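Every number in this text was worked out from the coordinates using simple rules, so none of it is lab data. None of the values given here were measured: they were computed from a predicted structure. Positions of Cβ are backbone-derived with ideal geometry, glycine not excepted, and every protein chain shown enters the neighbour counts.
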Amino acid sequence: MIDYHVHTSLCNHATGTMDQYVRAAVDKGLATICFLDHLTFQEAGHTNAMLPREVPMYVNAARRLAREYRGRISVRVGLEVDFSPGHVDRCIETVNTFDLDVVGSSVHFLDGEDVVSRRSAWASGRISADEIYPKYLGVLESMLDYDYFDVICHLDLPKKYNQRPSPSAVQGFVDVLEKIRERDLAVELNTSGFHYPVNEAFPSPELLGRCAQLQIPVVVGSDAHEPEAVGRDFDRARDLLDAAGYRHLAGFSHRRREVVPLR
């Protein structure tokens, strides 16, 4: 099995050394671990992401671990870049500067606020689903006008606190998946949702099934923020993928997509 979404302490809200994450992956019998730490460009200040000047150190550290663990596990490195319409040029410049294996794109911020923070108005129920989901889907649609990334991370993330999308919002996600298919991108099956109030992976089984129907490649990620979370709930991920009809996963090396057997 492969884990393509692992963070580091550089994001300021994860613990453990990069070596500890790799050793945890080896102990769990994973074939590949990919660091995918946060990089966020926002008009408002942020603290939950590495600084752009830290990217070279991060990439070099991952490549050193890849050499050290060669023959035991494949260690790869990418970035989870938060989509920010006002900073697309900086995103493109950054991801094109470094020899990355994969670039994931995600949406955490709406109108400058991290809507999936436990301190947000959304998390506390002060904003309705009818307000958040149309905004979120609109940003996803805008994001898909660009091509500097390979994977869409945790597609239906706003459900994190168990405020689920309405049928019309679900249809909005289906429309987004059509566009993802047109762009030949992959979608992440992110198991971290099992550890939030929603108690469900991202995306939902319904949307994962639609991904399979559209033949959208899927990569699996734990979204680990501590070494013990690497590969967490991958048995449940396999069951979801089996039920959806997947027999292969997507992997990435130097921005080229690979086919990886599910079992």
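With the convex hull drawn over the C-alpha atoms of segment 2-261, the volume per residue is 112 Å³.
When the charge dipole of segment 1-128 is built from unit charges on Cβ atoms (+1 for Lys and Arg, -1 for Asp and Glu) and taken about the Cα centre, the candidate among F35, I2, H13 whose Cα reaches farthest toward its positive end is I2. In a reduced charge model with +1 at each Lys and Arg Cβ and -1 at each Asp and Glu Cβ, segment 157-230 shows a dipole moment near 260 debye about its Cα centre. For segment 67-80, putting each phi into the Karplus relation 6.51 cos²θ - 1.76 cosθ + 1.60 with θ = phi - 60° gives couplings of 5, 5, 9, 4, x, 10, 7, 8, 10, 10, 9, x, 9, 9 Hz, in residue order, rounded to whole numbers and with x for Gly and Pro.
Averaging the sequence gap over all C-alpha pairs within less than 8 Å and six or more residues apart, then dividing by the number of residues, gives the chain a relative contact order of 20 percent. Sorting 69-78, 48-57, 214-223 by average packing, meaning the other beta carbons within 10 Å per residue, from highest down gives 214-223, 69-78, 48-57. Measuring r between the beta carbons of V259 and S124 and using R0 = 45 Å, the FRET efficiency lands at 0.60.
The separation of segment 87-101 from segment 120-147, counted between C-alpha centres, amounts to 24 Å. Averaged over residues, the count of other Cβ atoms within 10 Å places the peptides 227-238, 164-175 in the sequence 227-238, 164-175, highest first. Shown in residue order for segment 146-152 are the 3J(HN,Hα) couplings computed by the Karplus curve 6.51 cos²θ - 1.76 cosθ + 1.60 at θ = phi - 60°: 10, 9, 8, 10, 10, 9, 9 Hz (x for Gly and Pro). Dipole magnitude for segment 44-153: about 740 debye, using +1 per Lys or Arg Cβ and -1 per Asp or Glu Cβ, origin at the Cα centre. Peptides 180-188, 111-119 ranked from most to least packed, by the mean per-residue count of other Cβ atoms within 10 Å: 180-188, 111-119. Put a dot 7 Å past the Cα of T47, heading toward its Cβ, do the same for R90, and the two dots end up 1.9 nm apart. Rounded to the nearest 20, the size of the Cβ-charge dipole of segment 2-261 about its Cα centre is 640 debye, with Lys and Arg at +1 and Asp and Glu at -1. With both labels modelled 7 Å from their Cα along Cα-to-Cβ, the E54 to D111 distance reads 3.0 nm.
With a cut-off of 9 Å between beta carbons, the residues surrounding A14 carry a summed charge of -2, where Lys and Arg count +1 and Asp and Glu -1. Cβ crowding within 10 Å ranks F35, F98 as F98, F35, fewest other Cβ atoms first.
Charges on Cβ only, +1 for Lys and Arg, -1 for Asp and Glu, centred on the Cα centroid of the chain; of L207, P85, A62, which one is farthest towards the dipole's positive end? Farthest along the dipole direction, towards plus: A62.
For S253, the residues whose amide H sits under 5 Å from its own are E258, ignoring neighbours fewer than 5 places away on the same chain, with H placed 1.01 Å from N.
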